[in-house]
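Below is one structure, written out as structure tokens; comments come after it.
Coordinate-derived values only; no laboratory data. Predicted, not measured: the structure shown is a model, and the values here were computed from it. Methodologically, a virtual Cβ is constructed for each residue, glycine included, from the backbone with ideal geometry; neighbour enumeration extends over all protein chains shown.
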Amino acid sequence: MGTYNIAVIKGDGIGPDIVEQAEKVIAKIGEKFGHIFNMTEALAGGAAIDAVGEALPKNTIDVCKNSDAVLLGAVGGPKWDGLAGNKRPESALLGIRKQLGLYANLRPAIMHKALSNSSPIKQEIIGDNLDILVVRELTGGIYFGEKGYREGPYGEEAYDVERYSPMEIERIVRIAFDAAMKRNKKLTSVDKANVLESSRLWRKTVIEIAKEYPEVELDHMYVDNAAMQLVRNPKHFDVIVTSNMFGDILSDEASQITGSIGMLPSASLGEGAFGMYEPIHGSAPDIAGMNIANPLATILSISMMFKYSFGLEAEAKTVEDAVTKVLDKGIRTVDIAEEGQASIGTKEMGEAVCAEI
Ligand code: NAD
């Protein structure tokens, strides 16, 4: 019987549609297990720009810092596309990660058996299930390195610097090894050590940390090969650990292999139990407010929140099992329905999951 404080950022586009379903699931779990979940709403992204003129108001950071975890829908949309980079809704994401010290992004790419037909990969390659965990470094590397314009040999040029310190590599690699220990004890570290100095430091550091985890089978792969192997032989992978930019790209690729962007959750973690939980997809402005968005990625993000921030393993499993039961019964939103299969709306899917809890 615990009390947990959750900051809720609905965001833009389908954000409010899907987060409301996740809130129903949180309330249902609270009822079933006797926990109190206090939810405090805060603004970020386009909704915050419209309300107070900035994508990440200080009040939002304060609400997040005073909570045990953050639930985020998604931010962004065409309405704000004309704004300068550091004023856009998406800048709120980088700001939250940086200000809350969320340096590890965990993205499970899980293909549910009931949805195995949705994968674009041939059945004989993918089998009838897939479960890869991509661990991406989130607050370093080229996205946060020095950047700008300068005079170069061909006139003005733009540059972005990829940089990592051993400390930044060590802490993310430990998270990946710990995750591997709880799974199949297999870790692939992805880098570009044949070309990049920062990748050579990455690989050297991984090899050092590996000495603390003798049970974990470790391999190293260049990022170009990893991109190829993910579609050629996805079963090779269990846990992948990599830098910010490589992880950005590979986690999207891994998610596409499962065939359903509306199904995949993510967790962003730092020191301690605090974390931010969100679906991997964006704000899908094309279907916002139409009650057709798939809320399962957000609902599964709640399961990760229970597991990683609150240590509520049974509650997490209850949510995952409820989603599996719904899928096994053939209940689908339109994005995961097969041709000729009936589909239900966002709200109805939220209710269907609650009914299985
Ligand atoms: P997107 O993920 O929003 O949408 C891609 C496609 O997938 C669209 O056709 C959309 O309808 C569909 N889709 C996405 N989520 C779905 C769901 N839950 N159910 C059913 N269909 C779903 O990506 P995009 O179109 O490239 O980006 C739209 C906006 O979202 C942009 O402003 C982008 O910057 C922003 N974005 C935000 C985040 C975030 O907040 N973390 C992440 C990615 C993109």
Here, GluC sites (Glu not before Pro) of region 85-155 satisfying both criteria (DSSP loop; at most 15 other Cβ within 10 Å) are 146
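From the convex hull of the Cα coordinates of region 22-79, what is the mean projected area in square nanometres? It would help to have the intermediate numbers written out before the result.
Numbers: hull surface 18.3 nm².
Approximately 4.6 nm², given one-decimal rounding.
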Could you work out the mean projected area of the convex hull around the alpha carbons of region 241-357, in square nanometres to one decimal? 8.3
What do you get for trypsin sites (Lys or Arg not before Pro) in region 272-357 restricted to DSSP loop and a cutoff of at most 15 other Cβ within 10 Å of the site's Cβ? 329
Note: residue 196 to residue 124 extended length (0.36 nm per residue) minus current alpha-carbon separation gives 22.4 nm
Over the Cα atoms of region 97-239, how large are the radius of gyration and the largest Cα-Cα distance (Dmax), in Å? 17.6, 56
Any idea what log10 I(q)/I(0) is at q = 0.15, 0.26 Å⁻¹ for region 84-172, Debye with uniform C-alpha scatterers and no solvent? -0.82, -1.25
Filtering the chain for DSSP H helices with an axial alpha carbon extent of at least 15 Å and a Kyte-Doolittle mean of at least 0.0 returns 166-182, 296-308
For region 162-253, what are the per-bin percents of Cα-Cα distances with bins 5 Å wide, up to the bin holding the maximum? 3, 14, 28, 26, 20, 8, 1
Starting from the Cα of residue 192, draw a straight line to each of the lysines and keep only those under 18 Å, dropping any in the same chain fewer than 8 residues away. 204
The chain - charge dipole about Cα centre, Lys and Arg +1 at Cβ, Asp and Glu -1, debye rounded to 20: 500
Can you give me the distance in nm between label points at residue 182 and residue 219, each placed 7 Å from the Cα along the Cα-to-Cβ direction? 2.5
In whole µm²/s, the translational diffusion coefficient that Stokes-Einstein assigns to region 313-357, given a Kirkwood hydrodynamic radius over C-alpha pairs, 10 °C and 1.306 mPa s, equals 146
Can you compute the label reach from residue 113? Point 7 Å from Cα along the Cβ direction, backbone N cut-off under 17 Å, restricted to region 330-350. 330-331
Of 12, 238, 321, the one that fluctuates the most in a GNM where the chain has Cα springs shorter than 10 Å: 321
Per the charge dipole of region 1-156 (beta-carbon charges, Lys/Arg positive, Asp/Glu negative, Cα centre), the residue among 14, 80, 2 reaching farthest to the positive end is 2
Out of residues 5 or more away from residue 241 or on other chains, whose amide H comes under 5 Å of its own, with H placed 1.01 Å from N in the peptide plane? 135, 188, 189, 190
Residues of type aspartates and glutamates that residue 235 reaches as a straight line, Cα spacing below 16 Å, ignoring anything fewer than 8 places off in the same chain: 124, 128, 131, 217, 219, 253
Those GluC sites (Glu not before Pro) from region 280-357 that are DSSP loop and have at most 16 other Cβ neighbours within 10 Å turn out to be 338, 339
Considering the chain as a Gaussian network with a 10 Å cut-off on Cα pairs, which listed residue, 204, 182, 235, attains the greatest mean-square fluctuation? 182
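A 26 angstrom limit on the alpha carbon distance is what I want to check against. Which of 32/186; 98/317; 28/182; 10/98; 58/307 exceed it? Working shown, then result.
Values: 32/186 35 Å; 98/317 30 Å; 28/182 28 Å; 10/98 20 Å; 58/307 28 Å.
Beyond 26 Å: 32/186; 98/317; 28/182; 58/307.
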So what is log10(I(q)/I(0)) for the chain at q = 0.07, 0.09, 0.11, 0.15 1/Å, when the Debye sum runs over its Cα atoms only? -0.30, -0.50, -0.76, -1.40
